[in-house]
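What follows is a short report on a single structure.
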Amino acid sequence: MRKLLESGTSRVLIQKTVKQFLVSKYAAQINAMGLNGGEISDDFDFFLRGVIDSLGILEMISSVEDEFNVRLDLSALDAEQLTILGPFSRYVAETALPA
């Protein structure tokens with residue numbers, strides 16, 4: 001478990017860390033598509049690209065919460081953006097609360 005919300009940690013750094021975690025977590029699926037994890041853009045949609053299914057969405061959220069010891073209140077995030085790398089990572093950076 002990594003500590004994500006330390007005093008003075010910038011939102012940009014948090015967002016980058018979350019993005020790296022997700023790309024690493026799903027590296028096998030991303031590579032199987034012929035993509036390089038380092039080239040994944042902010043608009044990459046894990047669900048629409050078939051990396052995760054509907055149950056995988058919950059697992060993705062849970063894995064971020066567990067990995068970084070945070071709680072996410074996803075009620076304010078547009079459901080369509082929940083599986084998109086950039087918006088989800090930004091949302092975590094802006095709203096994550098210590099668990």
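Just so it is clear, none of the values below were taken in a lab; they were calculated from the coordinates. Please read these numbers as outputs of a predicted model, since none were measured by experiment. Backbone-built Cβ (ideal geometry, glycine too); neighbour counts: all protein chains shown.
Listed values, structure above:
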read-out	value
Per-residue HN-Hα couplings for region 38-44 [Karplus 6.51, -1.76, 1.60; θ = phi - 60°; Hz; x = Gly/Pro]	x, 9, 6, 8, 4, 8, 5
Dipole of the chain, positive end: most advanced residue of MET33, LEU22, THR83 [Cβ charges, Cα centre]	LEU22
Helix 85-95 axis, angle to the chain major axis (alpha carbon atoms, nearest 10°)	10
Residues with amide H under 5 Å from that of PHE47, placed H, sequence gap 5 or more	ILE52
Answer label for mean projected area of the Cα convex hull in nm² (calculated), chosen among [x] 7.2; [y] 14.5; [z] 5.9	[z]
